[in-house]
Each structure stands twice: as C-alpha cells, then as structure tokens.
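Peer 1: Attaching a single structure in structure tokens format; questions to follow.
Just so it is clear, none of the values below were taken in a lab; they were calculated from the coordinates. Since this is a predicted model, take the numbers as computed values, not measurements. Cβ atoms come from the backbone with ideal geometry, glycine included; neighbour counts cover every protein chain shown.
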C-alpha cells in the first residue's frame, strides 16, 4: 500500500509539472499575451476629456478581431493576442490602465462602426482600414500600419497569380470589408461573403471558392498556420490599406492624444517591440509608423 501511494504521489507531481509547463508554453498566465506595459502612475488630463473619464474609471473597452493571426486572435487562455492588441495595451497604459483592466470585445468588419456609435467600445483596433466612407460615421487616429490587399489560394492552385485572374470566379471575403468591395467592383469576382475571414478557410480548402482576399498580413497569418494547405498567390499587393484606430466621431481631443502616443511609441521603441512580439514572428521586415493623418 505504501509503495502504491508513493507511486501515485509521484504520478500526481509529474502530471502537475507537465500541466504547469503546458500552461507556461501557452502563455496562460499572461494578460492578453505579448507584453504588459506598466501603466503610468496618476496621469493627469483636462477635465471632461475622454482621456480623463477613462483614466478615472480605471478601465477601457477595446474592440479587436478574435480570429486574425498575428494581429488579433484569441489564445488558448481566452484572451486576444497580436499586434493590434499590443497597440491597445500601450494606449491603455498611457491612460494609467493596466492590461488586465482592458475589456476586450470581438469586433468583425460589419459591426465596428455600430459598436463605436453605440458606445459598446471606446476604441476599435481591428485591422481597420481608414476610408472616407467610414470617416462619415467615426473618427480615426493613425494610421499605425499600412497593409495591402492580396489573394490566398490552395497550395496546388497555380492559375491565380494576380487580381485580374479572379474575374468571374468565386472569391471569399468578409461582408462589409474594403477588400470585398474592391475584388468585386474593380476585378469582377463573384463574392462569397462570410462573417469572418477564418470562415473562408473551409470553403477554400474544399474548393467551393478559388481564393480568399483581404490584407496581406492577415493572409500571411493563415498561411503560416497551414503552409501545406494554403499559399499567397503572389507577394505583390494591389491596394494600400492604412490601418487606423476607430473612435467616436469628432472627438478631436482623444484622436489627437492617441496620435501623439503613436508617434511616441515609434520614437521610444515600443512600436518596434510590439511588432517583434507578434506579427514580426512571421513578417520579418519591421515596419515604420506611417505618417499620421491629423485631419
């Protein structure tokens, strides 16, 4: 009996150690993955500004993607990780808000403007292309990154190399997204809409569609996860997609403050660190902060 108990105890200890190692490898103890920037102690802001309200509340609601590898994807611990998430944590820290006090909400292409308008989120950082149509509804800080539209195909597909090759063919993209409109209006593809880009993967794998289109960095994340299944049709992009941070329309003080923070992140190296901790694991060329559009 004693020998049995000794063996059982050894088994429990070993199993516990293995579980702890597994959780450590998955980042289970990290609030959102990546870094946890130290919040500024007792920052001061003008009374009545959004910055003052958020700082006083000690929390912020940020919308991001939950299914975008490299930029915004929920990890095994249920918390989002990626470059967009890191930018959000850096902004929160400048408001004096710790990473574990951020309330993350999943935003997809179709609900980003409504979430901002309805106050469900304070910011949207979600591979969110700045364009004139959206600026009629919300305001943007940034851009903080510039991507470009591309095509992803099955590994054995050599017939599609450029956007002109998808004319009349079925292409999956997200409802309400800029890439979906471009591939139809400019290149004559037949759109197969989806709620999220990850929902396009099975139709592509099963050859119900011939390509998936969105920004190159998003597609690069999917290819990195399944290199034997998918590939980019080409390394070339055919649009410019400046990613901005969405916020309430005409909140100029908040927008200008965020723009100031973005420029500071570039100057002090936090921008580069955020990239290297996330998307830089796949996309080795580190970007520079694009010129801020202070409209």
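Peer 1: Starting from 0.36 nm per residue, how many nanometres of slack lie between residue 59 and residue 285 once their C-alpha separation is accounted for?
Peer 2: 78.0 nm
Peer 1: Using alpha carbon coordinates only, what is the Rg to Rh ratio of the stretch 67-206, with Rh defined as the Kirkwood radius? Intermediate results must be reported in sequence, preceding the final value.
Peer 2: Working: Rg = 16.8 Å, Rh = 16.8 Å.
On the Cα set of the stretch 67-206, Rg over Rh gives 1.00.
Peer 1: Follow-up. Regarding the stretch 150-267, what are the three Cα extents along the principal axes, ordered largest first, in Å?
Peer 2: On the principal axes, the stretch 150-267 reaches 49, 28, 23 Å in Cα extent.
Peer 1: Return one quarter of the surface area of the convex hull spanned by the alpha-carbon atoms of the stretch 109-181, equal to its mean projected area, in nm².
Peer 2: 6.3 nm²
Peer 1: Starting from the Cα of residue 232, step 7 Å along the direction of its Cβ; do the same at residue 110; then give the gap between the two resulting points in nm.
Peer 2: Label-label distance for residue 232 and residue 110, simple model: 2.9 nm.
Peer 1: Still on this model: To make sure I understand, if each residue's beta carbon is the centre and we count other beta carbons within 10 Å, what order do 234, 173 fall in, fewest to most?
Peer 2: Neighbour counts put them in this order, fewest first: 234, 173.
Peer 1: Quick check: Cα centre of the stretch 142-161 to Cα centre of the stretch 47-98, how many Å?
Peer 2: Taking the Cα centre of each part, the stretch 142-161 and the stretch 47-98 sit 27 Å apart.
Peer 1: If you don't mind, there's one more thing I want to ask. Only Cα pairs under 8 Å and at least 6 apart count here; give the relative contact order of the chain as a rounded whole percent.
Peer 2: For the chain, the relative contact order is 22 percent.
Peer 1: Apply the Kirkwood formula to the chain: the hydrodynamic radius equals the inverse of the mean of 1/r over all pairs of different alpha-carbon atoms; give it in Å with one decimal.
Peer 2: Kirkwood hydrodynamic radius for the chain: 20.4 Å.
Peer 1: Pop the C-beta distance of residue 77 and residue 120 into the FRET formula with R0 = 22 Å and round what comes out to the nearest 0.05.
Peer 2: 0.40
Peer 1: Sort the following peptides by mean Cβ neighbour count (other Cβ atoms within 10 Å, averaged over residues), highest first: 36-42, 90-96, 66-72, 206-212.
Peer 2: 66-72, 90-96, 206-212, 36-42
Peer 1: Continuing with the same structure: Before anything else, pin down the relative contact order of the stretch 149-232: Cα pairs under 8 Å, at least 6 apart, normalised by residue count, whole percent. Can you show the working numbers first?
Peer 2: Details: 147 pairs, mean separation 35.0, N = 84.
Computed over the stretch 149-232, the figure is 42 percent.
Peer 1: Given Cα pairs under 8 Å that are at least 6 residues apart, what percent is the relative contact order of the stretch 48-174?
Peer 2: Averaging sequence separation for qualifying contacts and normalising by length gives 24 percent for the stretch 48-174.
Peer 1: Work out how much length residue 100 to residue 263 would gain on full extension: take 0.36 nm times their residue separation and subtract the Cα-Cα distance, in nm to one decimal.
Peer 2: The span from residue 100 to residue 263 would gain 56.3 nm if fully extended.
Peer 1: Taking the mean number of other Cβ atoms within 10 Å as a proxy for protection, how do you rank 174-184, 49-59, 141-151 from highest to lowest?
Peer 2: Ranking the peptides 174-184, 49-59, 141-151 by packing returns 141-151, 174-184, 49-59.
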